[in-house]
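The values are calculated or read from the model by the stated rules, or taken from the named source; none is laboratory data. The model shown is predicted, which means the values in this text are computed figures rather than measured ones. A quick note on method: Cβ atoms are made from the backbone with ideal geometry, for glycine too, and the neighbour counts reach across all protein chains shown.
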Amino acid sequence: MNRQEIESILKDYHWMINSIKIMQDEAASSKGLVSQYGLEAGMPKQKGRTSDPVYGEVLRRSKYCERIEEYERKVKFIQDRLHLITDPRESEVLHWILEGKSLGWIGRHMGLSITHIRRIRSDIVDKMSETVQMAQMS
């Protein structure tokens, strides 16, 4: 993963965690699907689409599950590298980024300029990307 991808994951981490939770809750409590019966079952269907609503719903949900897996992969990437951030300031900035706070909010909270917060975030991304580069060299 490159620096831009890591920065993007850090920025999106908060909503991805929330989406994973909501998606998993929905999947666990999904209700049964109902197919058409009677006259509706014999009616012509729209061309280019499956006439089976259950199959259509299965396709939609499988894409949904693939999205969940992608979010989980990205979140796990960050979680597997949290131990690399040992500096107290970096840890604080990382915590608030993962909570979904803006860099401006973090700067005001910590009494630092947004430029300084960006520099700290850059150091965090550097530390996380070093492990990727080292793994690729091996």
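Looking at the range 59-103, which of its residues are among the β-branched types (Val, Ile, Thr) and free of Cβ contacts under 8 Å to residues at least 12 places away in the same chain?
Answer for the range 59-103, where residues must be among the β-branched types (Val, Ile, Thr) and free of Cβ contacts under 8 Å to residues at least 12 places away in the same chain: just Thr86.
Restrict the check to the range 14-35 and report whether at least one residue is surrounded by 13 or more Cβ atoms within 10 Å (Cβ to Cβ), within 30 Å of Thr131 (Cα to Cα), at pLDDT 80 or above and touching a Ser or Thr at 6+ places or on another chain (Cβ under 6 Å).
No, the range 14-35 contains no residue that is surrounded by 13 or more Cβ atoms within 10 Å (Cβ to Cβ), within 30 Å of Thr131 (Cα to Cα), at pLDDT 80 or above and touching a Ser or Thr at 6+ places or on another chain (Cβ under 6 Å).
Any chance you could count how many residues in the range 107-123 are of a type in the set (A, V, I, L, M, F, W, C) and loosely packed, with under 14 Cβ neighbours inside 10 Å?
0
Looking at this structure, is Arg67 part of a helix (DSSP H, G or I), at pLDDT below 95 and either among the β-branched types (Val, Ile, Thr) or surrounded by 10 or more Cβ atoms within 10 Å (Cβ to Cβ) (or both)?
Criteria met by Arg67.
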